[in-house]
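*Asks:* One structure, as structure tokens, below. Some questions next.
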Amino acid sequence: MSTQTLAQPAASPAAAPETTPITGAVATLQALVAEGVDTIFGYPGGAIIPIYDALYDFQPELNHVLVRHEQGGIHAAQGYARSSGRVGVALATSGPGATNLVTGLADAMIDSTPLVCITGQVFAHLLGTDAFQETDIINITTPVTKWNYQVTRAEEIPEALAKAFYIARSGRPGPVLVDITKNAQMQTFDAPAYERCTHIRSYRPAPVVRKEYIEQAAALINSAKRPFILWGQGVVLGKAEQEFKEFVDKSGIPAAWTILGVGALATGHPLNVGMLGMHGNYGPNVLTNECDVLIAIGMRFDDRVTGRLDKYAKQAQVVHLDIDPTEIDKNVKTTVPVWGDCKETLPLLTALVERKEHPEWLARFNEYTAEEVDAVIREELFPTSEELTMGEVLQQLNEITGGEAVIVSDVGQHQMVACRYALQNQSRSHVTSGGLGTMGFALPAAIGAKFGAPHRPVVAIIGDGGVQMTIQELGTIMQTGVDVKIIILNNQFLGMVRQWQELFHQRRYSFVDIQSPDFVTVAAGYRIAGQRVDDRAELRSALEKMLAHPGSFLLEVMVTKENNIFPMVPQGCSVAEIRLR
Amino acid sequence: MERQEYNITAYTENQVGLLNRIAIIFSRRKINIESLNVSPSEIEGIHRFNIVIVETEEVVEKLAKQIEKQVEVLKVYYNTNADVIWQEMALYKVPTDVIAEKVLVERLLRENGARAVVIRKDYTVFETTGHREETDNLIKALQPYGLIEFVRSARIAIIKASEGFHRKLQEFERREPSEEVAENEFLNDREQVFTM
Ligand SMILES: Cc1ncc(C[n+]2csc(CCOP(=O)(O)OP(=O)(O)O)c2C)c(N)n1
Ligand SMILES: [Mg+2]
């Protein structure tokens with residue numbers, strides 16, 4: 001591993017590298033400070049007490065947020081990472097503390113979120129003895145981490161953490177876990193100045209960009225009659241929003257997004273034709289099977305995006321830009337693979353593509369949009385029925401925030417509504433659990449998102465089911481005073497599952513009828529202001545009141561019980577078979 | 001696409017836990033590993049995995065990429081049997097008195113290219129190397145003569161088209177020498193260490 005020394009006070013000439021005797025716990029926290037960490041989310045316990053003891057002296061540089069459950073801690077770290085573009089950090093004790101991180105690790109792994117998780121572990125001499133609160137967290141987390149490592153000696157700590165941060169944030173980002181035995185936290189050693197890691201010999205964060213592929217891709221794009229861009233979170237992770245916009249603007253190609261890519265190009269951009277996938281927009285799905293050149297950028301052709309693969313874009317030639325070589329040809333065969341970091345490849349491609357417009361082709365998307373508005377969107381956003389819809393809540397919210405808020409959505413019907421209808425003026429404005437679909441993600445992730453973007457309003461949109469999975473994090477909100485607005489879209493059902501049961505299982509509503517507490521009273525118990533709305537006449541003012549409220553606010557909106565999310569590509573169907581009703 | 005035996009060769013760092021990280025790439029897809037050999041390569045600090053599975057090329061290619069993606073993996077190749085020279089080694093333990101008495105056995109061993117590794121009064125251990133059928137044949141042949149124990153190694157394979165591998169590895173190690181493996185040095189200190 002080659003390393004790069006952080007700016008240090010000028011060393012005396014010819015002196016040996018200076019070392020200072022410190023404990024492993026202090027070395028751990030010094031590493032975090034040196035990596036630029038300002039906020040960590042955690043929960044203490046026996047095997048991590050030495051680190052917590054040292055943390056006492058690291059206030060306020062390392063703001064520690066005490067969560068109510070380690071799953072909440074890791075989701076908060078994810079929210080922080082996603083809204084800020086920095087590495088999220090979570091801390092947990094051994095055994096149950098560590099296993100409570102697993103869902104968040106799996107979520108971060110599949111959504112490429114950079115995290116460093118630090119777990120305490122029993123003393124090294126007790127490993128393998130079934131000691132109190134011992135669990136083999138390294139082996140448990142191997143499939144859901146980009147890298148993990150167990151430290152048994154204090155001397156290993158600085159280098160292990162330097163590697164951890166480098167691996168988490170470089171290349172295709174991902175979660176990393178460092179497990180530190182208690183003796184290593186307590187041991188005193190002579191610590192050299194902390195060095196950041198910038199290279200690991202066996203690790204290639206990004207493949208080398210191949211000029212010939214860029215040229216082939218450009219030629220293909222320039223010859224296309226009906227080119228179509230699909231973009232994903234890779235654009236956001238590569239911090240290449242500007243480069244992407246320049247590519248779209250110059251090539252004049254209609255572009256659609258996966259739910260994790262949303263906002264990389266503003267929802268109001270004239271070439272942004274909408275959302276892909278199972279509940280995406282009508283035009284992008286249908287026309288995927290009519291385009292002649294498909295340009296996929298930082299997306300991985302998830303099955304929720306492609307529907308039936310053997311009927312997916314078979315007519316198209318495919319250009320795939322991705323930093324991760326394992327994604328190329330994984331699901332969809334590429335004509336031209338453009339490996340590399342899109343921050344690097346996009347400008348090269350933009351330079352070679354012709355400035356064009358595709359008015360007739362773009363008009364096709366707009367025709368489908370008009371059809372979708374008539375069949376679905378108008379009634380969803382401006383309902384004529386008496387009962388409130390989820391869509392109108394989003395519509396009213398958009399009108400008030402103008403698309404400036406960070407939206408954090410949970411999983412289910414309300415998530416699809418939030419993804420479909422929330423206006424997004426800028427990147428990193430929608431945090432949601434995409435690949436794993438983790439119910440319970442939103443409330444803690446919203447807390448983290450606010451710490452990561454303290455100057456932006458953060459609005460969590462959660463279902464009545466999902467909110468009860470991590471509702472204890474209201475305690476974290478209470479104690480930290482973090483300003484998170486919470487909207488519960490209460491349809492009194494596990495709505496997304498109910499929709500499937502209605503459409504595909506003869507309305508046999510098997511265990512989707514979920515009862516809820518009085519959420520406003522629960523919030524009051526946590527000293528969080530709240531209101532419940534079931535009348536259209538009150539919705540607008542309630543939303544305004546919520547957004548103007550100093551501090552957190554919980555707004556429960558009673559929405560119609562049995563609405564379905566449309567359009568929909570039913571499972572096993574091709575994207576062209578998308579249903580409007 | 002046709003399923004056939006593939007030989008996956010991976011060069012890796014020598015790290016605790018890496019075997020599991022590689023093994024789960026197969027088990028996650030419910031693919032059975034037919035044979036697995038892990039041993040130090042000719043370069044100190046770099047290990048070589050030889051993995052045999054039966055799959056289509058399309059699947060093997062994806063697996064190979066997934067393995068190479070792991071932080072501590074340097075390089076991965078995959079080859080059909082036709083592209084490698086491969087061997088398995090086998091050891092056979094037989095009662096010495098039978099061998100001594102029966103001339104037939106001696107001929108059998110000679111025909112199978114077996115070599116005596118240990119000869120004791122009570123038993124003799126023979127060794128052969130070869131393809132599976134070859135090592136299998138000798139089992140069948142020795143069974144009537146009181147075969148006591150048998151063991152076969154995993155497959156090792158050398159790639160026919162591996163021009164300059166060794167030089168490349170040497171050069172790689174010269175530029176950036178490997179790090180030492182950190183192991184748990186406390187396992188035998190149970191009595192001395194303070195616990196909470
Ligand atoms: C942890 C977890 N368990 C189960 C599911 C399966 N699931 C997906 S959506 C859904 C219903 C969600 O209900 P609710 O939170 O009320 O949202 P709605 O769909 O009603 O908007 C369920 C149970 C899941 N995604 N995550
Ligand atoms: Mg619900």
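*Asks:* Given the condition farther than 18 Å from A:Lys311 by Cβ and of a type in the set (Ser, Thr, Tyr), answer yes or no: does some residue in segment A:252-267 qualify?
*Replies:* Scanning segment A:252-267 turns up at least one residue that is farther than 18 Å from A:Lys311 by Cβ and of a type in the set (Ser, Thr, Tyr).
*Asks:* Looking only at segment A:395-414, how many residues end up being within 16 Å of ligand 2 (Cβ to nearest atom) and touching a residue at least 60 places away in the same chain (Cβ under 8 Å)?
*Replies:* So the count comes out to 4.
*Asks:* Among residues belonging to segment A:246-260 that are buried (at least 20 other Cβ atoms within 10 Å of the Cβ) and out of contact with any Phe, Trp or Tyr (no Cβ under 9 Å at 6 or more places or on another chain), point out the one that is nearest to A:Arg428 (Cα to Cα).
*Replies:* A:Leu260
*Asks:* Which number in (1) more than 14 Å from the chain's Cα centre (by Cα); (2) within 12 Å of ligand 1 (Cβ to nearest atom); (3) polar (S, T, N, Q) marks the one condition that A:Thr432 misses?
*Replies:* Looking at each condition in turn, A:Thr432 falls short on (1).
*Asks:* Suppose the filter is away from every other protein chain (no Cβ under 14 Å) and not in a strand (DSSP E or B); does B:Leu108 pass it?
*Replies:* yes
*Asks:* Restricting attention to segment A:393-427, report how many residues are assigned to a strand (DSSP E or B) and within 10 Å of ligand 1 (Cβ to nearest atom).
*Replies:* 1
*Asks:* Check A:Glu387 against each of (1) within 16 Å of ligand 2 (Cβ to nearest atom); (2) buried (at least 17 other Cβ atoms within 10 Å of the Cβ) and name the one condition it does not meet.
*Replies:* (2)
*Asks:* Also, I was wondering about something else. Report yes if some residue within segment A:555-563 is touching a His at 6+ places or on another chain (Cβ under 9 Å) and more than 26 Å from A:Ile447 (Cβ to Cβ); otherwise report no.
*Replies:* No: segment A:555-563 contains no residue that is touching a His at 6+ places or on another chain (Cβ under 9 Å) and more than 26 Å from A:Ile447 (Cβ to Cβ).
*Asks:* Looking at this structure, is A:Glu290 charged (D, E, K, R) and within 29 Å of A:Arg581 (Cβ to Cβ)?
*Replies:* yes
*Asks:* Would you check if there is a residue in segment A:143-163 being surrounded by fewer than 19 Cβ atoms within 10 Å (Cβ to Cβ), under 23 Å from B:Ile24 (Cβ atoms) and of a type outside the set (Lys, Arg)?
*Replies:* So far as segment A:143-163 goes, yes, one or more of its residues are surrounded by fewer than 19 Cβ atoms within 10 Å (Cβ to Cβ), under 23 Å from B:Ile24 (Cβ atoms) and of a type outside the set (Lys, Arg).
*Asks:* So, one more: Within the set of pairs 6 or more residues apart or between chains, which connect a residue that is closer than 17 Å to B:Lys75 by Cα inside segment B:14-28 to a residue that is among the small types (Gly, Ala, Ser) and not in a helix (DSSP H, G or I) with Cβ atoms less than 6 Å apart?
*Replies:* Final answer for the pair search is B:Asn14/B:Gly45.
*Asks:* Sticking with this one: Specify which of the listed residues (A:Ile462, A:Ile447) is surrounded by 21 or more Cβ atoms within 10 Å (Cβ to Cβ), closer than 22 Å to A:Val102 by Cβ and within 16 Å of ligand 2 (Cβ to nearest atom).
*Replies:* Matching residue, one of A:Ile462, A:Ile447: A:Ile462.
*Asks:* Now for a separate question. Name the residue that is farthest from the other protein chains (Cβ to nearest Cβ), counting only residues in segment A:325-356 that are buried (at least 19 other Cβ atoms within 10 Å of the Cβ) and assigned to a loop (DSSP other than H, G, I, E, B).
*Replies:* A:Val353
*Asks:* Within the bounds of segment A:356-379, is there any residue that is touching a Pro at 6+ places or on another chain (Cβ under 6 Å), touching a residue at least 24 places away in the same chain (Cβ under 8 Å), away from ligand 2 (no atom under 16 Å from the Cβ) and over 29 Å from A:Val408 (Cα atoms)?
*Replies:* Checked segment A:356-379: at least one residue is touching a Pro at 6+ places or on another chain (Cβ under 6 Å), touching a residue at least 24 places away in the same chain (Cβ under 8 Å), away from ligand 2 (no atom under 16 Å from the Cβ) and over 29 Å from A:Val408 (Cα atoms).
*Asks:* How many residues, within segment A:288-324, are in a loop (DSSP other than H, G, I, E, B) and within 18 Å of the chain's Cα centre (by Cα)?
*Replies:* Residues in segment A:288-324 being in a loop (DSSP other than H, G, I, E, B) and within 18 Å of the chain's Cα centre (by Cα): 7 in total.
*Asks:* State the number of residues belonging to segment A:428-458 that are touching a residue at least 12 places away in the same chain (Cβ under 8 Å), not aliphatic (A, V, I, L, M) and not in a helix (DSSP H, G or I).
*Replies:* Of the residues in that region, 13 qualify.
*Asks:* In segment B:52-75, how many residues are buried (at least 18 other Cβ atoms within 10 Å of the Cβ), under 28 Å from A:Pro173 (Cβ atoms) and among the aliphatic types (A, V, I, L, M)?
*Replies:* Of the residues in segment B:52-75, 7 are buried (at least 18 other Cβ atoms within 10 Å of the Cβ), under 28 Å from A:Pro173 (Cβ atoms) and among the aliphatic types (A, V, I, L, M).
*Asks:* Right, another one. Would you confirm, using the coordinates I've provided, whether A:Gln472 is assigned by TED's automatic domain parsing to the domain that holds A:Gly391 and within 11 Å of ligand 1 (Cβ to nearest atom)?
*Replies:* Considered against the rule, which asks whether it is assigned by TED's automatic domain parsing to the domain that holds A:Gly391 and within 11 Å of ligand 1 (Cβ to nearest atom), A:Gln472 comes out as no.
*Asks:* Quick check: anything in segment B:81-92 over 21 Å from the mean Cα position of the chain (by Cα), β-branched (Val, Ile, Thr) and away from chain A (no Cβ under 14 Å)?
*Replies:* No, segment B:81-92 contains no residue that is over 21 Å from the mean Cα position of the chain (by Cα), β-branched (Val, Ile, Thr) and away from chain A (no Cβ under 14 Å).
*Asks:* Does segment A:485-499 include one or more residues that are over 17 Å from A:Met568 (Cβ atoms), in the same structural domain as A:Ala405 (by TED's automatic domain parsing), in contact with a Pro (Cβ under 9 Å, 6 or more places away or on another chain) and more than 11 Å from ligand 1 (Cβ to nearest atom)?
*Replies:* The answer is yes; a qualifying residue exists.
*Asks:* Regarding segment A:526-539, can at least one residue be identified that is within 10 Å of ligand 1 (Cβ to nearest atom), of a type in the set (Gly, Ala, Ser) and more than 14 Å from chain B (Cβ to nearest Cβ)?
*Replies:* no
*Asks:* Does segment A:100-113 contain any residue that is in a loop (DSSP other than H, G, I, E, B), over 22 Å from B:Leu18 (Cα atoms) and within 14 Å of chain B (Cβ to nearest Cβ)?
*Replies:* Looking for residues that are in a loop (DSSP other than H, G, I, E, B), over 22 Å from B:Leu18 (Cα atoms) and within 14 Å of chain B (Cβ to nearest Cβ), one finds none in segment A:100-113, hence no.
*Asks:* Can you list the helices (runs of 4 or more DSSP H) lying wholly within segment A:156-245 that have 2 or more residues being within 12 Å of chain B (Cβ to nearest Cβ)?
*Replies:* Answer list for segment A:156-245: A:157-169, A:182-186.
*Asks:* Sticking with this one: Any idea which of A:Leu230, A:Leu271 is surrounded by 24 or more Cβ atoms within 10 Å (Cβ to Cβ) and at pLDDT 95 or above?
*Replies:* A:Leu230
*Asks:* Report the residue count in segment B:17-47 for those that are part of a strand (DSSP E or B) and crowded, with 19+ Cβ neighbours inside 10 Å.
*Replies:* Number satisfying all stated conditions: 3.
*Asks:* Taking A:Gly572 as the residue in question, decide whether it is outside the structural domain of A:Asn285 (by TED's automatic domain parsing), away from ligand 1 (no atom under 16 Å from the Cβ) and at pLDDT below 95.
*Replies:* When the stated conditions are applied, A:Gly572 passes them.
The values are calculated or read from the model by the stated rules, or taken from the named source; none is laboratory data. Owing to the predicted nature of the structure, the values given are computational and were not obtained by experimental measurement. As a convention, Cβ positions derive from the backbone with ideal geometry for all residues, glycine included, and neighbour counts pool all protein chains shown.
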